[in-house]
Amino acid sequence: MVRAKQGDRQMTGYANARRIEAMIEGLDLCNATPGQGTTRLTYSPEYRAAADFTIARMREAGLSVHEDAVGNIFGRIEGRQPDLAPILVGSHLDSVPHGGRFDGPAGVVAAIETAFLFRELGLRPDRPIEVAALIEEEGTRFGGGLFGSRLLTGQLDPATLDELRDDNGVSAAQAMAAYGLDPAQAGQAARAPGSVHAFLELHIEQGPVLEAEGRDIAIVDRIVGLAQLRVTVRGRAGHAGTTPMDQRRDALTGAVAILSQLPDLARQTGRDAVLTVGRIEVLPGGANVIPDLVTFTVDLRAPAEEDVLRLIQMVEGTVAHAQGNGLTCTVERQLYAAPTPLSGQIGAALSAQADALGVSHRVMVSGAGHDAMIMADFAPTGLIFVPSKGGVSHAPEEWTDYAQIARGTDVIFATIRQMSGATPG
Ligand code: HGY
Ligand code: MN
Ligand code: MN
């Protein structure tokens, strides 16, 4: 065990911060926008490179590796009792556009580092352990998100893979086939209820609290409810110069009338409700053409389920009210996840291990969605955060010190060592 001093606290650490750094930097080379943040879309060439890098590190750590029918990657430490349901530990490999290098990979790398520690310390678990690298958590390519965990838990119907399309009109099924998978087999990614003993995830906080309080980690007790909607406004194309203003069916004017009302809906809801329009597309996109089709996304979240549901209804009502004058408007619900409590038992285990390791911690509600919120309906789930510099995330400036990830990894490692009944030999 490595002993490191931090201030006057005797830190006891296991994880190798240099190895964590090498893995995260290595993953960040698998990136479509080097120098402009991290962009790694599911099933893209960059994603394949990241998957291959992950598989290589998993094998170095002594794991037997399996890629499931949809591209989720699992590295397994066999247990003395191989028939016991495994403990899964990991996060996602995909990114938002021009995001940071830590959102997702910090958790995948912490899980692989845990496997390295099991091997180096000669630990053998009673219960199998699986390190997981999941696909399409962000939904950047196909919308919605939480794909890999929803397919694993059977919460996403594989039939939708034909309907979900990226910006180039490529369906998730077509992208899977191009990636070398068989979309007809996607249903095989679903695991049987009870087949996972627990799920643990380390993630960056993506907010300012841990840094402001000088704490090492947060133990998440709840994840806010969230919904992702897709609004479509249809009008009629026309000539910008020859169409009188009172004869237009301008889809963009209609969309702007809706968009200008949305932020206030969240403010009216209060209680930490938030609403974001992150993507908008105006077609056909000619400067001298009256737009006939506008689509935009609405991401809304709140800690209380009644607030999430009420916000959805208010958005749908606002869109319906914009109907008429030759405009037709629709709202599609791409994703809905209720506010999710995480396992108190696993939270207590994480807290006890953090105390034993001298890692400072606090409880926190997560305003960000995570695979943990899907897994929590399937198996007891724990989630810890490590600090984000300046609270920044989903941006190239995202940063977490590798020593901070190592401290969080220590807690994940020690908790899994205990939960799996691991002993030397
Ligand atoms: O949107 C989220 O909260 C996460 O980054 N997917
Ligand atoms: Mn994210
Ligand atoms: Mn994430």
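Where a number appears in this text, it was derived from the coordinates with a stated rule and is not lab data. Because the structure is a prediction, the values reported are computed rather than measured. Virtual Cβ from ideal backbone geometry, glycine too; neighbours counted across all protein chains shown.
Taking region 210-251 as the range and being within 16 Å of ligand 1 (Cβ to nearest atom) and of a type in the set (V, I, T) as the test, the residues that pass are V220, I223, V224. Mind checking whether some residue in region 321-328 is over 21 Å from H394 (Cβ atoms), touching a strand residue (DSSP E or B) at 6+ places or on another chain (Cβ under 6 Å) and without any contact (Cβ under 8 Å) to a residue 12 or more places away in the chain? Checking region 321-328: at least one residue is over 21 Å from H394 (Cβ atoms), touching a strand residue (DSSP E or B) at 6+ places or on another chain (Cβ under 6 Å) and without any contact (Cβ under 8 Å) to a residue 12 or more places away in the chain. Would you be able to say whether some residue in region 237-246 is more than 16 Å from ligand 2 (Cβ to nearest atom) and in contact with a Pro (Cβ under 9 Å, 6 or more places away or on another chain)? Looking for residues that are more than 16 Å from ligand 2 (Cβ to nearest atom) and in contact with a Pro (Cβ under 9 Å, 6 or more places away or on another chain), one finds at least one in region 237-246, hence yes.
Looking only at region 15-28, decide whether some residue is within 16 Å of ligand 3 (Cβ to nearest atom), among the small types (G, A, S) and within 20 Å of I217 (Cβ to Cβ).
If we filter region 15-28 for residues that are within 16 Å of ligand 3 (Cβ to nearest atom), which is where we start, we get 24, 27-28.
Checking the rest, the ones that are also among the small types (G, A, S) come to none.
Looking for residues that are within 16 Å of ligand 3 (Cβ to nearest atom), among the small types (G, A, S) and within 20 Å of I217 (Cβ to Cβ), one finds none in region 15-28, hence no.
Being of a type outside the set (V, I, T) and at positive phi is a property that does not hold for Q228. Just the residues that are more than 12 Å from ligand 1 (Cβ to nearest atom) and either out of contact with any strand residue (DSSP E or B) (no Cβ under 6 Å at 6 or more places or on another chain) or of a type outside the set (S, T, N, Q) (or both), please, taken from region 362-382. Result: R362, V363, M364, V365, M375, A376, D377, F378, A379, P380, G382. The number of residues in region 36-94 that are among the small types (G, A, S), over 22 Å from M375 (Cβ atoms) and within 16 Å of ligand 3 (Cβ to nearest atom) comes to 1.
Among the residues of region 95-106, which ones are hydrophobic (A, V, I, L, M, F, W, C) and either under 12 Å from R40 (Cβ atoms) or away from ligand 3 (no atom under 16 Å from the Cβ) (or both)? If you could, list the steps in order and put the result at the bottom.
If we filter region 95-106 for residues that are hydrophobic (A, V, I, L, M, F, W, C), which is where we start, we get 96, 102, 106.
Once the filter is applied, which keeps residues that are hydrophobic (A, V, I, L, M, F, W, C) and either under 12 Å from R40 (Cβ atoms) or away from ligand 3 (no atom under 16 Å from the Cβ) (or both), region 95-106 yields only V96.
For region 341-383, a residue qualifies if it is under 30 Å from A192 (Cα atoms), buried (at least 20 other Cβ atoms within 10 Å of the Cβ), β-branched (V, I, T) and away from ligand 2 (no atom under 16 Å from the Cβ), and the qualifying residues are I346, T381.
Answer yes or no: is there a residue in region 395-405 that is aromatic (F, W, Y), within 16 Å of ligand 2 (Cβ to nearest atom) and surrounded by 23 or more Cβ atoms within 10 Å (Cβ to Cβ). Talk me through it step by step, then tell me what you get.
Our first condition is that a residue be aromatic (F, W, Y); within region 395-405, this holds for 399, 402.
Next, only the ones that are within 16 Å of ligand 2 (Cβ to nearest atom) stay: 399.
Now narrow it down to the ones that are surrounded by 23 or more Cβ atoms within 10 Å (Cβ to Cβ): none.
No, region 395-405 contains no residue that is aromatic (F, W, Y), within 16 Å of ligand 2 (Cβ to nearest atom) and surrounded by 23 or more Cβ atoms within 10 Å (Cβ to Cβ).
Counted as qualifying within region 17-135 are the helices (runs of 4 or more DSSP H) with 1 or more residues that are in contact with a Pro (Cβ under 7 Å, 6 or more places away or on another chain), namely 17-28. Taking every residue in region 167-183 that is under 21 Å from I73 (Cα atoms) and pairing it with any residue that is assigned to a helix (DSSP H, G or I) and among the polar types (S, T, N, Q), at least 6 positions away or on another chain, the pairs with Cβ-Cβ distances below 9 Å are A172/T160; P183/Q174. Which members of region 198-236 meet the condition of being assigned to a strand (DSSP E or B), more than 14 Å from ligand 3 (Cβ to nearest atom) and among the β-branched types (V, I, T)? Residues satisfying the conditions are I217, I219, V231, T232, V233.
Given the criterion of a type in the set (K, R) and either without any contact (Cβ under 8 Å) to a residue 12 or more places away in the chain or surrounded by fewer than 23 Cβ atoms within 10 Å (Cβ to Cβ) (or both), identify the matching residue among R141, R150, R101. Answer to the selection: R101. For region 333-370, filtering for residues that are within 21 Å of the chain's Cα centre (by Cα), in a loop (DSSP other than H, G, I, E, B) and small (G, A, S) leaves 5. Each residue in region 153-166 was checked for being buried (at least 22 other Cβ atoms within 10 Å of the Cβ) and of a type outside the set (A, V, I, L, M), and 1 of them qualify.
Residues in region 257-288 that are surrounded by 15 or more Cβ atoms within 10 Å (Cβ to Cβ) and of a type in the set (V, I, T): I258, T269, V274, V277, V282. Evaluated against (1) closer than 29 Å to A422 by Cα; (2) touching a helix residue (DSSP H, G or I) at 6+ places or on another chain (Cβ under 7 Å); (3) surrounded by fewer than 23 Cβ atoms within 10 Å (Cβ to Cβ), S171 falls short on exactly one condition, (1).
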